[in-house]
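See below for the structure under consideration.
What follows is calculated from the coordinates using simple rules that are stated; it is not laboratory data. What you see is a predicted model, and the numbers here were worked out from it, not measured in a lab. FYI the Cβ positions are ideal-geometry reconstructions off the backbone, even for glycines, and counts take in every protein chain you see.
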């Protein structure tokens, strides 16, 4: 019998085989991990490439003007102006003021009892503007009037006494002529007459003085009433009821100096300054246009009224007064104004034509071509040709245009001869 073989291998249990299979399934797949790594690298490479492309594009657009600069041209806008603006010889700024304006106050100090007017009221010469307290003056006036009555009564008594002395003298003279009287009696009656006459003359003087005192008191009362010195409009109320005013006063410490500021708003003018070097361009009676910030849609006709014959050596200016010929309710003193001095109208030209609006283009932007006059208009960064029709002579670098432009376009000034429609350019700063 052969000997039994013994095995050293461990015996397998029935449950060991499935467990080994499960453990084998948990093994890492090295090939799949390598494939995922390659995919991630490709994605990062693509992302970096795209980012670099974006940075390159941004750098190109940012530095395109430096790398490939566009031709630089000077441009000016087409303007819509009045004919007066286009022909302006000189412009000056100043402020509106009334030719007739006064700060109206009282001749004597006092306290305001009543102001029957308000700002904006139109008044006539002689209308009451304010009244000061005057009860003490009324009492004084009453006393002086009583003194006049007393003086007149005393004068009447003196006149009666004089007449009585005159009759007694005549009677004594008649008796003396009849031989019944004496010289002494006649002389006494003459003396009484002279005394009565002297008393009458004194009473006449006293009555006259009393009447003059009444006139003085009445004038003092009259000074308590402030009247309008001329027709005008109440511009400001400088004081109110209850305030004290003082002739020449400049503030609260010394009292108000005036009660009402009165002005004639239908006679306004611009007070402006002109440099000495431009004075030769001006003359009295020269037409002008006045523009006020408060009424930007309106241009007022003006005329140079006066060149004040006094210079200012420190500022090198001369004061000029320009009358507004057609003021309206929108104008009042102290408004800022701009004056455009115009040339004298030509023979047959109406002055109102300066108010008409027209289109004006810079003369340096116009060129002559085979088809007529044209200009280069800049739209964005490209130019296009615009045919225009000129309607006037150049003035101060501008030309009136009747067709082809509507106003606001940007035209290339002094365009280069090689410029063509559609060319890209950039406007100079």
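For this structure, a couple of remarks:
- Taking the Cα atoms of segment 135-222, the ratio Rg/Rh between the radius of gyration and the Kirkwood radius comes to 1.30.
- Percent of Cα pairs in segment 271-429 per distance bin of 5 Å, from zero to the largest separation: 1, 7, 14, 14, 13, 12, 11, 10, 9, 5, 2, 0.
- Placing one equal scatterer on every Cα of segment 133-172 and applying the Debye formula, the log10 ratio I(q)/I(0) at q = 0.18 Å⁻¹ is -0.60.
- Euclidean distance of C-alpha centroids, segment 407-429 and segment 152-177, integer Å: 117 Å
- Each Cα pair under 8 Å and six or more residues apart adds its sequence gap; the mean of these over the residue count of segment 135-222 is a relative contact order of 50 percent.
- Inter-label distance for residue 389 and residue 114, nm, one decimal - labels placed 7 Å from Cα along Cα-to-Cβ: 7.0 nm
- Using C-alpha pairs below 8 Å separated by at least 6 residues, the relative contact order for segment 383-429 is 40 percent.
- Chain lengthening between residue 167 and residue 142 when straightened (0.36 nm per residue, less Cα-Cα): 5.2 nm
- Restricting the calculation to Cα atoms, every distinct pair contributes to the Kirkwood radius of segment 221-335, found to be 17.2 Å.
- With the largest listed first and rounded to whole Å, the semi-axes of the equivalent ellipsoid of segment 258-314 from the Cα gyration tensor are 24, 19, 12.
- Fewest-first sequence of 332, 230 by Cβ atoms within 10 Å of each Cβ: 230, 332
- Put in order of Cβ neighbour count within 10 Å, fewest first, the listed residues 134, 340 become 134, 340.
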